[in-house]
1. Within the range A:112-133, how many residues are closer than 15 Å to A:VAL24 by Cβ and within 12 Å of chain B (Cβ to nearest Cβ)?
2. Can we say B:ARG257 is open to solvent by 10 Å² or more (accessible area, probe 1.4 Å), in contact with a strand residue (DSSP E or B) (Cβ under 7 Å, 6 or more places away or on another chain) and at pLDDT 95 or above?
3. Anything in the range B:115-133 that is of a type in the set (A, V, I, L, M) and over 8 Å from the mean Cα position of the chain (by Cα)? List them, or say none.
4. Just give me the residues in the range A:31-79 being within 14 Å of chain B (Cβ to nearest Cβ), within 18 Å of A:ARG91 (Cβ to Cβ) and not hydrophobic (A, V, I, L, M, F, W, C), in sequence order.
5. Can you name the number of the only condition in (1) farther than 16 Å from A:ALA21 by Cα; (2) among the β-branched types (Val, Ile, Thr); (3) buried (at least 16 other Cβ atoms within 10 Å of the Cβ) that A:ILE48 fails?
6. Are any of the residues in the range A:23-45 within 14 Å of the chain's Cα centre (by Cα) and either assigned to a strand (DSSP E or B) or assigned by TED's automatic domain parsing to the domain that holds A:ILE247 (or both)?
7. List pairs: first residue in the range A:109-123 and part of a loop (DSSP other than H, G, I, E, B), second residue open to solvent by less than 60 Å² (accessible area, probe 1.4 Å) and among the small types (Gly, Ala, Ser) anywhere in the structure, Cβ distance under 7 angstrom, at least six positions apart or on different chains.
Amino acid sequence: MILNEVEIEDTFAEAFPMTAARCVVTAETEPWVRTVAQVATGYATSVISCDAEAGIERMVAPEETPDGRPGVSLLFFAFNRDALQKAVMNRVGQCVMTCPTTACYNGLPVTEKHIQIGGQLRFFGDGYQISKWLSGRRYWRIPVMDGEFTCEDKFGTQKGVAGGNFLILGESQAAALKASEAAVAAISGRGDVILPFPGGVVRSGSKVGSRYRKLRASTNDAFCPTLRGLAKSALPEGTNAVYEIVIDGLAQGPVEEAMRAGIRASCGPGILRISAGNYGGKLGPHLIRLHEILKSEGR
Amino acid sequence: MSILLRLRNASPIPIEAECLSPDRLEGLAVKEIERLEVDHGNERARVADFFEVGLRDGNEAAVIEGDCSRVKHIGAGMTRGLLVVDGNAGMHAGAEMSGGRLEVRGNAGDWTGAEMRAGRIHIRGDAGHLLGGAYRGSRTGMRGGVILVEGSARNEVGCSMRRGLIAVRGQVGDFPGVSMHAGNILVGGLPGVRAGAGMRRGSLIFFGETPGDSQRQVELLPTFSYDCTYRPPFVSLYLKKLQSWKLSLPVPAGEGRYRRYSGDLVESGKGEILVWQA
């Protein structure tokens, strides 16, 4: 398949299920919203070594937030609900509660499959915390030095899909980076998906395993231009830089939509091929074929 | 179709009509409703003695038309459905209800929503004494649900309430939130004297102060201690929710700050009074 004179490789991205939660964080001003969003989703690129994968889903206008202040929607993904509970509680406790003027609300329906966040953090109030019920939802007001931190008691969880991805193979680092930035811009703010890596772009794509027994993942040598002469390479001639866009979403559909938008935006001058990372179908049940998701958009 | 009950024979003697609730009326034919018993003073009577019963188009479970300010217990104990009183409602309307919606398009009498557990009462006019309160001798008033009043309410609003929300757009009388255990009372106007007397927990929020007008200031008991002036985000949650229920208090959500007082210090002191200031 050719798209904007760029070859789309007949391959697939291999995604896997994770458990997801959505937090809507508000603050008095938008700069503080951006600060808390960046801090709360920091060090959360890959569950290979982080407690969770997290990112900014979208900025939320005051009219849409529960308390009428500027807000941001954050998505968190972990392997299971217990891990998610621990990760989100630590992040809300250490990164949101500590940030001036913030409040934190649940953004998914609460079912029996929920995690308790405010209900755990309330103990920081040392007996001075106050519970409020409104329309079947419980909120905790924890006294802090600039007033009080409001946090919802329970947060809903649901099965999500992590690891949607595509690779941008460029003639040069500059061309590949420009295409990656275009892809990120096309995906950002779409809702139901996040790009957990720095700026939405990965330069250290990985393969499963390593020659060192302790490592679960190591560099994706087939896509490293500097190893073309040493390892079995997957790069076409003329490729000098590769970037990966990794997408986590609340369902496979939004991940596919995001991949489609990102691939279309990245196909331009200086790009030689679009590929995808997979592990031969051994890692996850969600196989997202590039040709299939692009078919509905034409060529 | 909705059941329509039109008051045709207003009596100066109170009518106690606990049968006028969706739970009792649902599924009954017009003739069966007419035969339902009510208390008229010290005598037994039938619904048909006072009401013309029929059917009308609409989604409500039942609509009661007329000045029913002498008809007590309308919607008392109801658990579901929408009951509309197109006029005034007498004492104990919606008392002990545990679900559904009661809408009173006129005024409501004393003990409206007394000891209710869940559901929503919306009063377009004024409310009487002991709105959402506890009956005499009872330890706990309203335990859940929502009461919205577009006019004013009289004394002892939310007396001994444990949970739930009462929002009054206008003024409230003396002793709002007296002995309350928890819950929230939002008042668009000013309270009478001794607000929150004996309260243990819960929040009383007043929006009616006018800056620079000494006649329009909230006067609190000396057993309430000033804490700080700040903007608690949770108040905006309530204001936005009230807007969705079509009750707007005279303050935009998220604007202004609040003076916070802890009290009542003769009790645990874990209650709070918030006074909005522009």
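1. The number of residues fulfilling the criteria is 1.
2. Answer is no for this residue.
3. B:MET116, B:ALA118, B:LEU130
4. A:GLY71
5. A:ILE48 satisfies every listed condition except (3).
6. Scanning the range A:23-45, I find at least one residue that is within 14 Å of the chain's Cα centre (by Cα) and either assigned to a strand (DSSP E or B) or assigned by TED's automatic domain parsing to the domain that holds A:ILE247 (or both), so the answer is yes.
7. If the second residue must be open to solvent by less than 60 Å² (accessible area, probe 1.4 Å) and among the small types (Gly, Ala, Ser), the pairs left are A:PRO109/A:GLY156; A:VAL110/A:GLY156; A:THR111/A:GLY156.
Per-residue answers, yes or no, for (1) exposed (fewer than 14 other Cβ atoms within 10 Å of the Cβ); (2) under 20 Å from A:LEU250 (Cα atoms); (3) hydroxyl-bearing (Ser, Thr, Tyr):
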site: A:ASN165; (1), (2), (3): no, yes, no
site: A:LEU169; (1), (2), (3): no, no, no
site: A:ALA174; (1), (2), (3): yes, no, no
site: A:GLY209; (1), (2), (3): yes, no, no
site: A:TYR212; (1), (2), (3): yes, no, yes
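The values are calculated or read from the model by the stated rules, or taken from the named source; none is laboratory data. Note that the structure is predicted; figures quoted are calculated from it, not measured. With ideal geometry, Cβ positions are generated from the backbone for all residues, glycine too; neighbour counts draw on all protein chains shown. These accessible areas exclude ligands, DNA and RNA; they are computed on the full protein's heavy atoms, side chains included. Shrake-Rupley method; radii C 1.70, N 1.55, O 1.52, S 1.80 Å.
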